[in-house]
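Take a look at the structure set out below.
Derivation of every value follows stated rules applied to the coordinates shown; laboratory data play no part. It should be emphasised that the depicted structure is a prediction, and the values quoted were computed from it without experimental measurement. We place every Cβ from the backbone using ideal geometry, glycine too, and count neighbours over all the protein chains shown.
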6 protein chains.
Amino acid sequence: MLTLHESHRWIDTAMPEETKSRATQAPIDYADASPEVRAVYDDIMTYRKTDWVNNYWKVLAHHPPTLRRMWANFKEVMGPGTLDPLTKELIYMAVSVTNGCRYCIASHGAAARKKGITPAQHAELVAIIGLANETNRHAVALDLEVDEQFK
Amino acid sequence: MLTLHESHRWIDTAMPEETKSRATQAPIDYADASPEVRAVYDDIMTYRKTDWVNNYWKVLAHHPPTLRRMWANFKEVMGPGTLDPLTKELIYMAVSVTNGCRYCIASHGAAARKKGITPAQHAELVAIIGLANETNRHAVALDLEVDEQFK
Amino acid sequence: MLTLHESHRWIDTAMPEETKSRATQAPIDYADASPEVRAVYDDIMTYRKTDWVNNYWKVLAHHPPTLRRMWANFKEVMGPGTLDPLTKELIYMAVSVTNGCRYCIASHGAAARKKGITPAQHAELVAIIGLANETNRHAVALDLEVDEQFK
Amino acid sequence: MLTLHESHRWIDTAMPEETKSRATQAPIDYADASPEVRAVYDDIMTYRKTDWVNNYWKVLAHHPPTLRRMWANFKEVMGPGTLDPLTKELIYMAVSVTNGCRYCIASHGAAARKKGITPAQHAELVAIIGLANETNRHAVALDLEVDEQFK
Amino acid sequence: MLTLHESHRWIDTAMPEETKSRATQAPIDYADASPEVRAVYDDIMTYRKTDWVNNYWKVLAHHPPTLRRMWANFKEVMGPGTLDPLTKELIYMAVSVTNGCRYCIASHGAAARKKGITPAQHAELVAIIGLANETNRHAVALDLEVDEQFK
Amino acid sequence: MLTLHESHRWIDTAMPEETKSRATQAPIDYADASPEVRAVYDDIMTYRKTDWVNNYWKVLAHHPPTLRRMWANFKEVMGPGTLDPLTKELIYMAVSVTNGCRYCIASHGAAARKKGITPAQHAELVAIIGLANETNRHAVALDLEVDEQFK
């Protein structure tokens, strides 16, 4: 195994081109993808019944093991289970809003709309997220002890 | 403009007893509560069909306007709407776990159990919260652009 | 009550137009607002002695109960009390910066300027926010025990 | 698929015992584990050259698919690669401290010690985590534009 | 400079005692402190007009350069300036509550009491922190555009 | 005690021009900088062997004491020590991604590239950050007890 120590220098020497670029962050289109990456893209499109793949996967594609691993996780966690698909998206949204992840709010907001969220449901979701963030801070500020009845 | 600096003392002078104590953080029991606080406690117990009030409200009770205000918010946001009661608790949990609020996880976990969450549903909730926190960071680390299709 | 389950489908079917749009996020101008929304806008402008309303309220306006509720909360929490108006804005800024909320930093930064914050005070605010975030992490990393004297 | 709606009630009815308990949070010891869970425990101990399994896995064990999935992720992400093992633990610690996860700081702190972290390295780690949290907030508070040279 | 690579092993070998202990986290009392650490403790007590030092400094003391550096930062940022001492503590509290740092809430809560915060002011502080956390999430969830007037 | 309330004005009065501007956020170029600020810029460029200064320092320059203080901290914490320079950047990135600080990710990402990070190392960094954020939430959601072996 090549160690960290061996792979870099403290002094600034000339860097090979590939380490200078930010190429790892450009989405890889289907046309430019390796067979291994295309296989995941194909599975994503089949699973979702769509003809395109969003940037999350197209940027992860720079590291195929991560692409494969995350897609497998995604299918297992977000696939059919005991919570219905829209509820799963609402939970995802609650986390993404609390973390302030703009991309995630856009992508899972779109997914929620695709699964039929109504404007009233969206408004309730936003209200609950806000209230929970408020009361979370109250609980912490006041150093509340967990009630016996909750244990 | 008169500055803030002029309005205080840097040196430590004797403080009135009530500002020294941490009394604001001790829960106020029904027996010790003012009529105004009891009125809110009564409404909480009636609304929830229970005979007790949890620490969140009993500590907020040190500032009756906040107690009243938060209970009114709570009823409006968490009351009947277009999302069902258990879904509302799951959203609350997703926020509370992401914020690391131990009290809130305990109290809303209890509420979710009361509303019938099954162990399998709880396991799925935890898995989704974890996955969303993971992919949120991927999206941020890779500075993903929002896809046109999501706009 | 219409439940979540009844309002959506797992399979992708045609969606009614209103659920496809992101219309809930477009600000609603006074001219286009319902009487109920206008009443809140009027109160905001009177209270603030201004002739315009900012986007926060104009987007919340898609769900009038939330608009009304949040404005009532805002007036109660940020209105006259024992902390002066500028101090209240500084606390709001400290939270907004820690959460990384760009909109909130802009809006409450403007409010702080309107209430007379000086550049030196702003620089001190930013320095304290930074230092507190630093020492917060030290305390957590080192798993510090709360001193008896602080209890 | 059983939907959320079908699995719970708004009204409080008697709950089956298993949903009332918090049993999902008690660690499952090897002696009490199913063969499927034991297989994962065995792999963990072999991989780590230890004779015990920590609570994270023993609590996840209540949902064997999550246990299996997370262990597979863990091995893939934290296993041999281009970053050395101690560096990986330092990154893990930086995240855990920033999120305020006490359990994670304890477990990955122990892992870092096992991999040879020195007190001086630990002190530097804590100092960097603190400084980064400080300057992160400065950058956000001041709404810094990304320099051309960084793009 | 000793590099990371040289200081650890992938394989688990016997560790020197000092790396096994968690000694870096035990507070160092004055009696056990080196002259260099005592000099900082002395300055802390003189500056604060107290006869004791809290755990934050006593744990940092394991790495004297960090102890010295943080105390110098603390005096510069929290010392006399254009914001008064109590306001500075309120800002510190707002950050600490938002980050969920229990130790910091306890220590700066005590400092605020020492500087004369009243129960009513504390209640207002907590209410503002809560509200700001709530509206921060609304702003993010709704992807609000910054108003021209705020720029 | 004289309260904060007495030291301010609730009503909007005319503000001096300097408090209205957002001038504190415009980067100060070398040509426009005071000698005291230039001295820090010079030291930054010498230390980094570059001929430019990034926006973080050029915006902090509006408050020279903060500029000087932060640069001194930066040199002490990020300078030579027992962790190698690239590892320090990885830790900085882990914090910045977890906090969602876009500027910091861009600037420390550039620093990591300058210090030789390879695309594979970057991919591993992102994967670890994601995984740690995921398991942090699991640990919190499940309220895990710290194992005896970790203490």
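Phi angles of the range B:34-46 translate, via the Karplus equation with coefficients 6.51, -1.76, 1.60 and θ = phi - 60°, into HN-Hα couplings of 6, x, 5, 6, 4, 4, 5, 3, 4, 5, 4, 5, 5 Hz per residue; Gly and Pro are given as x.
Which links in D:LYS151/F:LYS115; D:LYS75/D:LYS114; A:LYS115/C:LYS58; F:LYS58/F:LYS88; D:LYS75/F:LYS151; A:LYS75/D:LYS75 stretch past 21 Å when you go from one Cα to the other? Result: A:LYS115/C:LYS58; F:LYS58/F:LYS88; D:LYS75/F:LYS151 exceed 21 Å. About its Cα centre, the range E:27-71 has a charge dipole of approximately 200 debye under the convention of +1 per Lys or Arg Cβ and -1 per Asp or Glu Cβ, with nothing else charged. Applying a DSSP loop filter and a limit of 16 other Cβ atoms within 10 Å to the trypsin sites (Lys or Arg not before Pro) in the range A:36-95 leaves A:LYS49.
How big is the charge dipole of the range F:51-131 about its Cα centre, in debye rounded to the nearest 20, if each Lys and Arg gets +1 on its Cβ and each Asp and Glu gets -1 on its Cβ?
Computed charge dipole of the range F:51-131: roughly 260 debye.
When you filter the chymotrypsin sites (Phe, Trp or Tyr not before Pro) in the range C:50-145 for DSSP loop state and at most 15 other Cβ atoms inside 10 Å of their Cβ, you are left with C:TRP52. Please label the shape of the range A:80-151 as rounded, prolate or oblate, based on the square roots a ≥ b ≥ c of the eigenvalues of the alpha-carbon gyration tensor (a/c under 1.5 means rounded; beyond that, a/b larger than b/c means prolate, else oblate). Note, shape of the range A:80-151 comes out prolate. Pairs of Cα atoms nearer than 8 Å and 6+ residues apart set the relative contact order; for the range C:37-151 it is 17 percent.
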